[in-house]
Amino acid sequence: AETYDVQAVQDKWLPVWDQLQPFRADDDSPREKKYALTMFPYPSGDLHMGHAEVFAIHDVIARYWWFRGFEVLNPMGWDSFGLPAENAAIRNDEHPATYTYANIETQLHSMQRYATSFDWSRRLHTSDPEYYRWTQWLFLKIRERGLAYRKNSPVNWCPQDQTVLANEQVLADGTCERCGAEVTKRELTQWYFKTTDYAQELYDGLDALQDTWIGKVVNAQRNWIGRSEGAHVDFVLDGRDEPVTVYTTRPDTLHGATFMVVAADAGLAAEVVTDEQRPAYEAYVEEIRKASDIDRLATDRPKTGVFLGVHATNPVNGERIPVWAADYVLADYGTGAIMAVPAHDQRDLDFARKFDLPVRMVVDTGEEDPASSYVATTGDGTYVNSGALDGIADKATGIRTTIEQLQAAGTGEGTVNFRLRDWLLSRQRYWGCPIPIIHCEACGEVPVPEDQLPVELPELRGADLKPKGTSPLGAATEWVEVDCPSCGGPARRDTDTMDTFVDSSWYFFRYLSPHDDTQAFDTALANAWGPVDLYIGGDEHAVLHLLYARFFTKVLRDIGLIDWDEPFSAYLSQGKVINNGRKMSKSLGNGISLGDQLDEFGVDAVRLTLVFASPPEDNIDWADVSPAGSLRFLQRAWRLANDVTSEPGADVTTGDRALRQLTHRTVHEAEVLVESYRFNVVIARVMELVNATRKAIDSGCGPADPAVREAAEAVAIVLSLVAPYTAEEMWERLGHRPTVARADWPVVDPALLVEDSVTAIVQIQGKVKARLEVSPDITEADLEALALADPGVVAAIDGRPVRKVVVRAPKLVNVVV
Ligand code: ANZ
Ligand code: ZN
């Protein structure tokens, strides 16, 4: 018999699809629109198993939506600026553009062979001038709204990549997200986007996404934005006119504030320190510069600090408390100054203990006094030593009362604080979008006029791009030195480039019209297609890309370019492909090459394996799955199509009922399962249908029964969601023209979903007293019980003793009284 030649089938259908373009989205289609988006890759190397997984999962949804009558926008492009490409280019001693565009071609070819349903007419690259022209335009719009600015401050610095990093790019252990080097601090002038202006909205918007964003992302963003409610409290310092404001979430503990701490590296500490204490202070600052924020905030770290020589006055009781500088208070959080309440905050208590400062309990929780236990009590209790609060036993009342008191005295007020910082977006690297600003001695910052965009990246062929701490663009003298657009005098271009996360914050708008040279995107199109109905990507972007894209969306709305608020209505984060329980890595030598897998088993078997392995959000251990088994299954499915002998369009109503029921049940379940992302179960159901159809052909109704054709066609259609080549080949062998991807989804007949039942007759003394709908395989005992419980039967028996019951399941019950 003929065998299934996987590679031949692939070679056969790829050019056919290329010609048919079945997935081109029509902006003017009357069909309801769906926007399916999956994260676009960095062009570093060829595709890997991770891409294969996410594309396979994503494709199920996109293809399913086409089947269900939607017009589907499913675009793809490349996030082609950025450090990975630049570092690789330096390693290979070639220009980043050469490296980048060569990899894009490789990846494109692989994606097409992988039979993804992307609409290639929408393809874009963020490193193309036609794209970044609009990135620059958006930067200028954002700046016009006062949401882009430059400031000098201590910033995260990666000594390996020799560039600044956004807070979001520093991992929890204080290392660089890209290269793993220990991140340090540097004082630099950098560009920022004012994400903090949107902190509240970015936070509130998460509530509505709670149920449709699958995975940990919503909580990760909540924590990152870090909203807390508390109070600003003003403390007057000896010899200083302006009071110092602290931020506290526990204003109710004000009576327990026994000292004050200001961030050692903040301007305030340097300003208020007395001459006598200055040498000690300066030595201390020198010592702490090296530590990361994470280290500094850690509770288990020995506390360090220095007395600044001044005292502050507590506004609620007039008490004078010493002012210290320490590194466990961060300069850029809250106000950079705190009131220390050692009895009820462990870090303050550790500090008090180290420097022998007083500890005063103001909330009695029934536990041992923190002054002797050295364990701060943070729970609820009754206020003590707290003036008017004494005796109150409720924290909310304590906080409210204190805030009212402060407000009345003009020494404080309730406030909301966010952990979120502004987004540091400038980078001292070459391969990125140039910042469209010109610096003029006379005019200051001057935006490049819109009609002069894009500011093209100079080629710098042969130049040394190795990171040096300042942008390599500074060396492009001819490019840098320009006339000021405002006064015509000599001026210099900004030499920094933008973080690649800027490029990817708006790419889903540009897909709508990637070659439009009159605007970034068309508002009507954005409102018609947007927001994205489902976005699929990895968890690693939880707080970076997804937060930035949300910020951009809100700004674009406020500029009036769109009328919606959130970019991604639903989000699904896929698990990782691992091997032998470990992340794939060079050092472990456990990497799996996608190319090898595709050569050995073919595209469909790899895709099927990835989708079948687990629910999409779980990790897949390649050691636990069987692409060979997937391939055997695909061959079985393919053989069904060869065996069918009825003609297309045969009357199915006369077909084998049991097989028809299974077919319709399978299609119906596939609908429910796809919509709830249980793609692996869809495949399990199709496998059952394939087995049943095989049985029907070999030892049941036979290959000529129209029910067999109906089943085989349903298999081809549902299977096309994951195994498009096999499905297309089946479809052709079943007598249809390509492409199965745009075939009519089978219409489920509800009558075939109902379980079959039979009518049982209940007789008393030979007379019919009731009819019962029961399962054909009901037991005698069940049928008897059912019959005797029937109200009609009970009434007919009328309390007489039952002498005999004869049961002939499932049809008859005869009762003798
Ligand atoms: C007094 C107090 C008493 C505090 C108490 C806590 C417990 P979240 O929830 O994260 O916003 N804090 C304020 N600014 C700080 C800074 N720049 N660096 C380090 N710590 C800072 O935390 C707010 C609490 O963290 C504030 O409330 C303050 O300590 C501290 F029983 O004030 B609290
Ligand atoms: Zn000027």
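Would you pick out the residues in the stretch 467-507 that are of a type in the set (Gly, Ala, Ser), without any contact (Cβ under 8 Å) to a residue 40 or more places away in the chain and more than 16 Å from ligand 2 (Cβ to nearest atom)?
Step one: list which residues in the stretch 467-507 are of a type in the set (Gly, Ala, Ser), which gives 469, 471, 474-476, 486, 488-489, 491, 504-505.
Then keep just the ones that are without any contact (Cβ under 8 Å) to a residue 40 or more places away in the chain; that gives 474-476, 488.
Listed by number, the residues that qualify are GLY474, ALA475, ALA476.
Name every residue in the stretch 407-446 that is over 20 Å from ASP517 (Cα atoms) and within 16 Å of ligand 2 (Cβ to nearest atom), in order of residue number.
If the condition is that a residue be over 20 Å from ASP517 (Cα atoms) and within 16 Å of ligand 2 (Cβ to nearest atom), then ILE437, ILE438, HIS439, CYS440, GLU441, ALA442, CYS443, GLY444, GLU445, VAL446 are the ones that fit.
Could you check, for the stretch 728-740, whether at least one of its residues is in a loop (DSSP other than H, G, I, E, B) and without any contact (Cβ under 8 Å) to a residue 24 or more places away in the chain?
The answer is yes, given that some residue of the stretch 728-740 is in a loop (DSSP other than H, G, I, E, B) and without any contact (Cβ under 8 Å) to a residue 24 or more places away in the chain.
Residues of the stretch 404-433 being of a type in the set (A, V, I, L, M), away from ligand 1 (no atom under 16 Å from the Cβ) and crowded, with 18+ Cβ neighbours inside 10 Å, which ones?
Taking the stretch 404-433 first, the residues of a type in the set (A, V, I, L, M) are 406, 408-409, 416, 420, 424-425.
Filter again for away from ligand 1 (no atom under 16 Å from the Cβ), leaving 408-409, 424-425.
Matches in the stretch 404-433: LEU424, LEU425.
Those residues that are more than 14 Å from ligand 1 (Cβ to nearest atom) and either touching a strand residue (DSSP E or B) at 6+ places or on another chain (Cβ under 6 Å) or closer than 13 Å to VAL244 by Cα (or both), I need them from the stretch 316-348; list them, please.
Matches in the stretch 316-348: ARG320, PRO322, VAL323.
Output yes when any residue across the stretch 434-446 is within 16 Å of ligand 1 (Cβ to nearest atom), under 30 Å from LYS194 (Cβ atoms) and assigned to a strand (DSSP E or B), and no when none is.
The answer is no, given that none of the residues of the stretch 434-446 is within 16 Å of ligand 1 (Cβ to nearest atom), under 30 Å from LYS194 (Cβ atoms) and assigned to a strand (DSSP E or B).
Has the stretch 133-147 got at least one residue that is out of contact with any Gly (no Cβ under 7 Å at 6 or more places or on another chain), within 24 Å of SER44 (Cβ to Cβ), open to solvent by less than 10 Å² (accessible area, probe 1.4 Å) and of a type outside the set (S, T, N, Q)?
No, the stretch 133-147 has no match at all.
Just checking, how many residues over the stretch 480-535 are under 24 Å from the mean Cα position of the chain (by Cα) and farther than 30 Å from ILE61 by Cα?
2
Of these, ASP558, ASP563, ASP517, which one is at pLDDT 95 or above, out of contact with any strand residue (DSSP E or B) (no Cβ under 6 Å at 6 or more places or on another chain), assigned to a loop (DSSP other than H, G, I, E, B) and under 22 Å from LEU209 (Cα atoms)?
Details: ASP558 fails: assigned to a loop (DSSP other than H, G, I, E, B); ASP517 fails: under 22 Å from LEU209 (Cα atoms).
Of ASP558, ASP563, ASP517, the one residue that is at pLDDT 95 or above, out of contact with any strand residue (DSSP E or B) (no Cβ under 6 Å at 6 or more places or on another chain), assigned to a loop (DSSP other than H, G, I, E, B) and under 22 Å from LEU209 (Cα atoms) is ASP563.
For the stretch 151-173, state whether one or more residues are among the hydrophobic types (A, V, I, L, M, F, W, C) and closer than 27 Å to GLU450 by Cα.
Initial filter on the stretch 151-173 (among the hydrophobic types (A, V, I, L, M, F, W, C)): 155, 157-158, 164-166, 170-172.
Adding the requirement that they be closer than 27 Å to GLU450 by Cα leaves none.
Checked the stretch 151-173: no residue is among the hydrophobic types (A, V, I, L, M, F, W, C) and closer than 27 Å to GLU450 by Cα.
Any chance the stretch 44-60 includes a residue that's touching a residue at least 12 places away in the same chain (Cβ under 8 Å), in contact with a strand residue (DSSP E or B) (Cβ under 7 Å, 6 or more places away or on another chain) and polar (S, T, N, Q)?
No, because not a single residue in the stretch 44-60 is touching a residue at least 12 places away in the same chain (Cβ under 8 Å), in contact with a strand residue (DSSP E or B) (Cβ under 7 Å, 6 or more places away or on another chain) and polar (S, T, N, Q).
If a residue must be assigned to a helix (DSSP H, G or I) and open to solvent by 20 Å² or more (accessible area, probe 1.4 Å), how many such residues does the stretch 29-58 contain? Let's see the steps before the verdict.
Let us first name the residues in the stretch 29-58 that are assigned to a helix (DSSP H, G or I), namely 49-58.
Filter once more, keeping what is open to solvent by 20 Å² or more (accessible area, probe 1.4 Å): 50-51.
Result for the stretch 29-58: 2.
If you check SER486 against the conditions, is it small (Gly, Ala, Ser) and either in contact with a strand residue (DSSP E or B) (Cβ under 9 Å, 6 or more places away or on another chain) or assigned to a strand (DSSP E or B) (or both)?
yes
Scan ASP161, ASP173 and give me the residue that is touching a residue at least 40 places away in the same chain (Cβ under 8 Å), assigned to a loop (DSSP other than H, G, I, E, B) and touching a Pro at 6+ places or on another chain (Cβ under 7 Å). Steps first, answer last, please.
Details: ASP173 fails: touching a Pro at 6+ places or on another chain (Cβ under 7 Å).
Among ASP161, ASP173, only ASP161 is touching a residue at least 40 places away in the same chain (Cβ under 8 Å), assigned to a loop (DSSP other than H, G, I, E, B) and touching a Pro at 6+ places or on another chain (Cβ under 7 Å).
With the structure loaded, tell me whether ASP18 is open to solvent by 10 Å² or more (accessible area, probe 1.4 Å) and touching a residue at least 12 places away in the same chain (Cβ under 8 Å) or whether it fails that test.
Yes.
So is THR196 assigned to a helix (DSSP H, G or I), in contact (Cβ under 8 Å) with a residue 12 or more places away in the chain and not charged (D, E, K, R) or not?
Yes.
Looking at the stretch 149-170 only, could you name the residues that are farther than 15 Å from LEU83 by Cβ and open to solvent by 10 Å² or more (accessible area, probe 1.4 Å)?
Selection gives TYR149, ARG150, LYS151, ASN152, SER153, PRO154, ASN167.
Out of (1) more than 29 Å from VAL674 (Cβ to Cβ); (2) open to solvent by 10 Å² or more (accessible area, probe 1.4 Å), what's the single condition that is false for PRO96?
(2)
Select, from GLU441, GLU445, the only residue that is open to solvent by 80 Å² or more (accessible area, probe 1.4 Å) and either on the phi < 0 side of the Ramachandran plot or not acidic (Asp, Glu) (or both).
Answer to the check: GLU441.
What is the one condition in (1) without any contact (Cβ under 8 Å) to a residue 60 or more places away in the chain; (2) closer than 21 Å to TYR203 by Cα that GLY591 does not satisfy?
With respect to (1) without any contact (Cβ under 8 Å) to a residue 60 or more places away in the chain; (2) closer than 21 Å to TYR203 by Cα, GLY591 is out only on (2).
Would it be correct to say that ARG771 is open to solvent by 70 Å² or more (accessible area, probe 1.4 Å), closer than 30 Å to VAL667 by Cβ, in contact (Cβ under 8 Å) with a residue 12 or more places away in the chain and not polar (S, T, N, Q)?
So ARG771 fails the test.
ALA388 versus (1) hydrophobic (A, V, I, L, M, F, W, C); (2) open to solvent by 60 Å² or more (accessible area, probe 1.4 Å); (3) within 13 Å of ligand 1 (Cβ to nearest atom): which is the lone unmet condition?
Status for ALA388: all satisfied but (3).
Is one or more of the residues making up the stretch 610-624 open to solvent by less than 10 Å² (accessible area, probe 1.4 Å), out of contact with any Lys or Arg (no Cβ under 6 Å at 6 or more places or on another chain) and part of a helix (DSSP H, G or I)?
Within the stretch 610-624, one or more residues are open to solvent by less than 10 Å² (accessible area, probe 1.4 Å), out of contact with any Lys or Arg (no Cβ under 6 Å at 6 or more places or on another chain) and part of a helix (DSSP H, G or I).
Going through the stretch 513-539 one residue at a time, which ones are of a type in the set (A, V, I, L, M) and either open to solvent by less than 10 Å² (accessible area, probe 1.4 Å) or at positive phi (or both)?
Result: ALA520, ALA526, VAL532, LEU534, ILE536.
Would you be able to tell me the number of residues in the stretch 714-766 that are of a type outside the set (A, V, I, L, M, F, W, C) and in contact with a Leu (Cβ under 6 Å, 6 or more places away or on another chain)? Give the steps one after another, and end with the answer.
Here is the first cut: in the stretch 714-766, the residues of a type outside the set (A, V, I, L, M, F, W, C) are 720, 724-726, 728-729, 732-733, 735-739, 742, 744, 746, 749-750, 755-757, 759, 763, 765-766.
Going one step further and asking which of them are in contact with a Leu (Cβ under 6 Å, 6 or more places away or on another chain), we end up with 726, 739.
Qualifying residue count, the stretch 714-766: 2.
Can you find a residue in the stretch 448-471 that is open to solvent by less than 30 Å² (accessible area, probe 1.4 Å) and outside any loop (DSSP other than H, G, I, E, B)? Give the derivation first.
Step one: of the stretch 448-471, the residues open to solvent by less than 30 Å² (accessible area, probe 1.4 Å) are 448, 453, 455, 457-458, 465, 469, 471.
Restricting the remaining residues to those that are outside any loop (DSSP other than H, G, I, E, B) gives none.
Checked the stretch 448-471: no residue is open to solvent by less than 30 Å² (accessible area, probe 1.4 Å) and outside any loop (DSSP other than H, G, I, E, B).
Counting only residues that are open to solvent by 50 Å² or more (accessible area, probe 1.4 Å) and not in a loop (DSSP other than H, G, I, E, B), which one in the stretch 296-311 is nearest to ligand 1 (Cβ to nearest atom)? Show your work before the answer.
Let us first name the residues in the stretch 296-311 that are open to solvent by 50 Å² or more (accessible area, probe 1.4 Å), namely 297, 299-302, 307, 311.
Then drop every residue that is not not in a loop (DSSP other than H, G, I, E, B), which leaves 297, 307, 311.
On the way: LEU297: 7, PHE307: 18, HIS311: 18 Å.
Checking each candidate, the answer is LEU297.
Which ones in the stretch 87-120 are closer than 23 Å to VAL54 by Cβ and part of a loop (DSSP other than H, G, I, E, B)?
Those that are closer than 23 Å to VAL54 by Cβ and part of a loop (DSSP other than H, G, I, E, B): TYR114, ALA115, THR116, SER117, PHE118, ASP119.
The values are calculated or read from the model by the stated rules, or taken from the named source; none is laboratory data. Worth saying up front: this structure is predicted, and the values here are computed from it rather than measured. A quick note on method: Cβ atoms are made from the backbone with ideal geometry, for glycine too, and the neighbour counts reach across all protein chains shown. Note: accessible area is taken over every heavy atom of the protein model, side chains too, but ligands, DNA and RNA are not part of it. Shrake-Rupley method; radii C 1.70, N 1.55, O 1.52, S 1.80 Å.
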